[in-house]
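**Student:** There's a structure below that I have some questions on.
The values are calculated or read from the model by the stated rules, or taken from the named source; none is laboratory data. From a predicted model like this one, the values you see are computed outputs, not experimental measurements. Cβ placement follows ideal geometry from the backbone for every residue including glycine, while neighbour counts extend to all protein chains displayed. Please note that ligands, DNA and RNA were not included when accessible areas were found on the heavy atoms of the full protein model with its side chains. Shrake-Rupley method; radii C 1.70, N 1.55, O 1.52, S 1.80 Å.
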Amino acid sequence: MQVTEQQLWAWQEQVQGLSPAQVLVWTVETFGERAAFASSLGAEDQVLTDMVAKHSRELAIFTLDTGRLFPETYELMQRTEERYDLMIRIYFPDASEVEAMVDGAGINLFRQSVEKRKQCCGVRKVKPLQRALSGLDAWVCGLRREQAVTRDALEVVEWDEANQLVKINPLAAWSEDEVWAYVKANDVPVNPLHEQGFLSIGCACCTRAVAPGEDVRAGRWWWEKPEHKECGLHFKDGKLERMRG
């Protein structure tokens, strides 16, 4: 998809002042079947799923199964589908690529270096995402600015340079308190691990609970520096990819 800066600015103007639910409706009206929502089953994504079910059911939902998720995450997938009477399409990594990677570097290669961890994320997450995004013009994510230092400049509508399509972040300006207030008010199903201190939940091998006062993503790849804590789904070479002038 080819998008000019002028078109991007126009879209950003159109979503100014819209609620997240209204942004989802705008997404369907603007991109139709060529848009989809990528859910990681986190609290933010569950909030968006609730909004999709209520306001924009035409928007397809997909998730990535790395093969190393928590059992609680799989249970949440099923509960979510049953609660909202919808289907979440699941994309898996290529089995032969996983086997070759593990044969060459070990089952827990991600602990060896940032490069090896990104290799693992690349095989288990980035490549399946690329398949999921094939044929789309836009994808919706549950990212928020205050989640991490790597996300503090998010726009509601922005250009995803790495994947060459539009990325839409309806909750970009929301606080964590707003997310959980919505969860409570709407009885949104969430991962029970959140109650055990898991604020950001990914693969079981790369996620731990965080201590009070720690950053939301402190439990993800906790052995790395904060500026490295992205898997490549939203960032390239550790940097947020945006349209360049």
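**Student:** Using a 7 Å offset from the Cα along the Cα-to-Cβ direction at both MET77 and GLU99, what is the distance between the two label points in nm, to one decimal?
**Tutor:** 2.1
**Student:** Moving to a separate point now. From the cross-link list LYS116/LYS184; LYS54/LYS127; LYS127/LYS167, which pairs have alpha carbons spaced over 28 Å apart?
**Tutor:** LYS116/LYS184; LYS54/LYS127, as the Cα separations exceed 28 Å there.
**Student:** Whole number in Å², please: accessible area per residue of the chain, 1.4 Å probe, ligands, DNA and RNA not counted.
**Tutor:** That works out to 48 Å² for each residue.
**Student:** Placing +1 at every Lys and Arg Cβ and -1 at every Asp and Glu Cβ, with all other atoms neutral, what dipole size does segment 34-123 have around its Cα centre, in debye to the nearest 20?
**Tutor:** Once rounded to the nearest 20, the dipole reads 260 debye.
**Student:** Per residue, how much space in cubic angstrom lies within the convex hull of the C-alpha atoms of the chain?
**Tutor:** Cα convex hull per residue, to the nearest whole number: 124 Å³.
**Student:** List, in order, the whole-Hz ³J(HN,Hα) value for each residue of segment 104-110 obtained from phi through the Karplus relation with A = 6.51, B = -1.76, C = 1.60 and θ = phi - 60°; use x for Gly and Pro.
**Tutor:** Coupling constants for segment 104-110: x, 10, x, 5, 10, 4, 4 Hz.
**Student:** Can I get the semi-axes of segment 39-105's equivalent ellipsoid? Compute them from the C-alpha gyration tensor as square roots of 5 times the eigenvalues, in angstrom, largest first.
**Tutor:** Over the Cα atoms of segment 39-105, the ellipsoid semi-axes are 28, 12, 9 Å.
**Student:** In whole percent, how big is the carbon plus sulfur part of the accessible area of the chain, probe 1.4 Å, protein atoms only?
**Tutor:** Here it works out to 49 percent.
**Student:** Now, a different point. R0 = 22 Å: FRET efficiency of CYS205 with GLU176, Cβ-based, nearest 0.05?
**Tutor:** Efficiency computed from Cβ-Cβ geometry: 0.35.
**Student:** Right, another one. Say R0 is 35 Å: what FRET efficiency, to the nearest 0.05, do MET87 and SER113 get from their beta-carbon distance?
**Tutor:** Once the sixth-power term is evaluated, E becomes 0.40.
**Student:** Using the charge dipole of the chain (Lys, Arg: +1 at Cβ; Asp, Glu: -1 at Cβ; taken about the Cα centre), state which of GLN16, PHE70, TYR182 has its Cα farthest towards the positive end.
**Tutor:** Ranked along the dipole, the leading option is PHE70.
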